[in-house]
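Asks: Before anything else, here's the structure in question.
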Amino acid sequence: MRILIVTAGSRGDVAPYTGLGQRLTAAGHEVAVAAHPCFETLVRGCGLDHRPVPGDPQALIEDWARAASRAETQALTRAYADGLADGVAQAAAGGADLLLTAFGPAPLSRAAGEALGVPVIGTYLVPSHPARNS
């Protein structure tokens, strides 16, 4: 099965998915990870295919710190999100039988999966829904 793991953010948001990808590869699946270009070496170093999604999270944080106004911060965020949306769509269009998505890009992954008729499973690293005992 061709599996695309979609993630975005910092190294801590990407690295755990490389372990998942390695286990899926060992189980006989063909795995690619859609992540920012700054993580290509990490992803490929784990024996996985890399599909780039635009954006540099560290640069975005630095740009936010330099922003002169709330409007500028919002414009930076919007540009980042638009690039991420386009990148997720392109990565998914590259072919997959299943999309596994991190929490952050989940809405984008779900939209891409729906458009392409590919199932999407949220594979979140932290709880995202209340537990029964919460």
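Values quoted throughout were computed directly from the atomic coordinates according to the rules given, and no laboratory measurement underlies them. Keep in mind that this is a model prediction, so the values were computed, not measured. FYI the Cβ positions are ideal-geometry reconstructions off the backbone, even for glycines, and counts take in every protein chain you see.
Asks: Quick one: Cα convex hull volume of segment 7-50, Å³ per residue? Intermediate values should be presented prior to the final figure.
Replies: Values: hull volume 2.3 nm³, N = 44.
Normalising the Cα hull of segment 7-50 by residue number yields 52 Å³.
Asks: Give me the net charge for the shell around Leu99: Cβ to Cβ below 13 angstrom, other residues only, Lys and Arg +1, Asp and Glu -1. Intermediate values should be presented prior to the final figure.
Replies: Working: positive: Arg2, Arg51, Arg110; negative: Asp97, Glu114.
My count for the surroundings of Leu99 gives +1.
Asks: How about segment 40-134: which trypsin sites (Lys or Arg not before Pro) there are in a DSSP loop, with at most 12 other Cβ atoms within 10 Å of their Cβ?
Replies: Numbers: sites: Arg44, Arg66, Arg70, Arg78, Arg110, Arg132; in loops: Arg132.
Passing sites in segment 40-134 are Arg132.
Asks: Can you list the HN-Hα couplings for segment 101-106, worked out from phi with the Karplus curve (6.51, -1.76, 1.60; θ = phi - 60°), rounded to whole Hz and with x for Gly and Pro?
Replies: Each residue's phi maps through the Karplus curve to give 10, 6, 5, x, x, 4 Hz.
Asks: Rg to Rh for the chain: what is it, with Cα atoms only and Rh by Kirkwood? List each step's numbers first, then the result.
Replies: On the way: Rg = 15.4 Å, Rh = 15.4 Å.
Taking Rh as the inverse mean 1/r over Cα pairs, Rg/Rh reads 1.00.
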